[in-house]
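Report on the following structure.
No lab work stands behind these numbers, since they all come straight from the coordinates. Quick caveat: nothing in here was measured; it's all calculated off a predicted structure. Positions of Cβ are generated from backbone atoms using ideal geometry, with glycine treated the same way; all protein chains shown enter the neighbour counts.
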């Protein structure tokens, strides 16, 4: 069970970092249009769309990535409780 927890926990952390990189790419013009940005968009956007349905942007600030990262962290804590 510990190996399963380690793998899933690492996968959640990698996905969290992918979300952070995708968010930071919005600060640089044209970064999301690059091949790397498009790949991250295909990975991150379906997850972020879930939260954008419930949390509309406030002006130019999109809070859905922050909520998405918190949900991933809570999922990691729940995973630890279940598997350890």
Pick from 17, 74, 28 the residue whose mean-square fluctuation is largest in a GNM of the chain, springs joining Cα atoms under 10 Å. 28
Mean-square fluctuation maximum in Gaussian network of the chain, Cα pairs under 10 Å, restricted to 59, 41, 68, hits 59
Angle check, please: helix 2-25 long axis (alpha carbons) against the longest principal axis of the chain (alpha carbons), in degrees 0 to 90, nearest 10. 10 degrees
Answer label, with Cα Rg over 2.2 N^0.38 Å calculated from the coordinates and candidates [x] 0.99; [y] 1.22; [z] 1.11: [y]
Of the candidates 42, 32, 52, which one comes out as most mobile in a Gaussian network treatment of the chain with C-alpha springs shorter than 10 Å? 42
Helix 35-52 sits off the longest principal axis of the Cα atoms of the chain, rounded to the nearest 10 on a 0 to 90 degree scale, by 70 degrees
Estimated inter-spin distance, residue 11 and residue 35, nm [label 7 Å along Cα→Cβ]: 2.7 nm
Any chance you could run the full-extension gain for residue 63 through residue 1? It's 0.36 nm times the residue separation minus the Cα-Cα distance, nm to one decimal. 18.9 nm
For residue 73, project a label point 7 Å along Cα to C-beta. Then give me every residue of the stretch 34-64 with its amide nitrogen under 18 Å of that point. 48, 51, 62-64
